[in-house]
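Computed from the coordinates by the stated procedures, all read-outs in this text should not be read as laboratory data. Source: prediction; values computed, not measured. Glycine also receives a Cβ, built like all others from the backbone with ideal geometry; neighbour counts cover every protein chain displayed.
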Amino acid sequence: MPAVVHGGLAFSAGMTPRAGGTLRVRGRVGAEVGAATARRAAALAAANALLAVAEAAGGLDRIARCLRLTVYLACSDDFTGHTAVADGASETLRAWLGERGAAARTAVGVRTLPSGAPVEVDLTAALTT
């Protein structure tokens, strides 16, 4: 299930940089994938998470505010630019929702992600009542 709604909140599943069902980027950030490409991948993953939340909630206008954004990066051991990559996800939320898209954020480096994705994003949003 891409997203669920409960008690005035919407929670997305982890979303990777897919378009048309196809993973658009594969590899580890800092190794096979550069930071700029990873940033664009994070933007796409965030858009997917936002659309999943909107669909579950009944539309973008039902999102009162994004609350929490977590960006996971499959990265090389020496990669330390997590924040710069995660900025792509944050910018996407703000571009779509303005200030309602500003969320508390965590960026975490991990060894691997599903299907070899370089990034995975999950989103929690408060809904209008």
Practice item. Subtracting the Cα-Cα distance from 0.36 nm times the residue separation, let me have the gained length for residue 1 to residue 128 in nm, one decimal. Key: 43.6 nm
Review point. From the phi of every residue in segment 81-90, what ³J(HN,Hα) in whole Hz does the Karplus formula 6.51 cos²θ - 1.76 cosθ + 1.60 yield, where θ is phi - 60° and glycine or proline is x?
Key: x, 3, 4, 5, 5, 5, 4, x, 5, 4
Practice item. Pop out the ³J(HN,Hα) list for segment 61-77 in order, Karplus 6.51 cos²θ - 1.76 cosθ + 1.60 with θ = phi - 60°, rounded to Hz; leave Gly and Pro as x. Key: 5, 7, 7, 6, 5, 6, 9, 9, 10, 10, 10, 9, 10, 7, 9, 5, 4
Study note, to complete from the structure: If unit charges are put on Cβ atoms (+1 for Lys and Arg, -1 for Asp and Glu) and the dipole of the chain is taken about its Cα centre, the option from 20, 42, 107 lying farthest towards the positive end turns out to be 20
Point to revise | Spacing of the two label points (7 Å from each Cα toward its C-beta) at residue 115 and residue 36, in nm | key: 2.5
Point to revise | Answer label for volume of the Cα convex hull per residue in Å³ (calculated), chosen among (i) 90; (ii) 106; (iii) 178 | key: (i)
Check your understanding: Roughly speaking, what is the centre-to-centre gap between segment 54-80 and segment 109-129 when only Cα atoms are used, to the nearest Å?
Key -> 6
Exercise for review: Counting only C-alpha contacts under 8 Å and six or more residues apart, can you give the relative contact order of segment 3-127 as a whole percent?
Suggested key: 40
Exercise for review: Arrange the following residues from fewest to most other Cβ atoms within 10 Å of their Cβ: 122, 78.
Suggested key: 78, 122
Check your understanding: Between residue 65 and residue 102, what length comes free when the chain is fully extended (0.36 nm per residue of separation minus the Cα-Cα distance, one decimal in nm)?
Key -> 12.6 nm
